[in-house]
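Undergrad: Would you mind keeping the following structure in view while I ask a few things?
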Amino acid sequence: MVSKAAKEILQFPVLIEKGEDGFFVAECPVLQGCLTQGKTINETLKNIREAIELCIEDNKDEIRSQMKMSKGFGFYMVDVKV
């Protein structure tokens, strides 16, 4: 019996915003050009997972190494007087 190697799970930051057309647009800022959209948040999250898989397909080892070395990613809201 041949055992399949366990797949490693990496976390990627994703930014989602609602577009003017009502669709949600998702971007993975650590992977240049990795974006997608969907009608709902759940559909958009499914689509961005698939987009990330495609974006890292040819460079899995390099990206795996970069993500492990990453100190993390933060999203903050900043108040600005205008």
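The values are calculated or read from the model by the stated rules, or taken from the named source; none is laboratory data. None of the values given here were measured: they were computed from a predicted structure. Quick reminder, even Gly has a Cβ in these numbers, built from the backbone with ideal geometry, and neighbours come from all protein chains shown.
Undergrad: Which count do you get for residues in segment 22-37 that are in a loop (DSSP other than H, G, I, E, B) and either modelled with pLDDT of 95 or more or crowded, with 17+ Cβ neighbours inside 10 Å (or both)?
TA: Final tally of qualifying residues: 5.
Undergrad: Might you check whether a residue that is of a type in the set (A, V, I, L, M, F, W, C) and touching a helix residue (DSSP H, G or I) at 6+ places or on another chain (Cβ under 6 Å) occurs anywhere in segment 74-81?
TA: no
Undergrad: Could you figure out which of (1) surrounded by 12 or more Cβ atoms within 10 Å (Cβ to Cβ); (2) in a loop (DSSP other than H, G, I, E, B); (3) β-branched (Val, Ile, Thr) isn't true of residue 82?
TA: Failed condition: (1).
Undergrad: If you check every pair at least six apart or on different chains, which have Cβ atoms under 9 Å apart with a residue in segment 52-77 that is more than 15 Å from residue 29 (Cα to Cα) and charged (D, E, K, R) first and a residue that is surrounded by 10 or more Cβ atoms within 10 Å (Cβ to Cβ) and at pLDDT 75 or above second?
TA: Short answer, once both residue conditions are applied: 62/56; 64/10; 64/56; 68/10.
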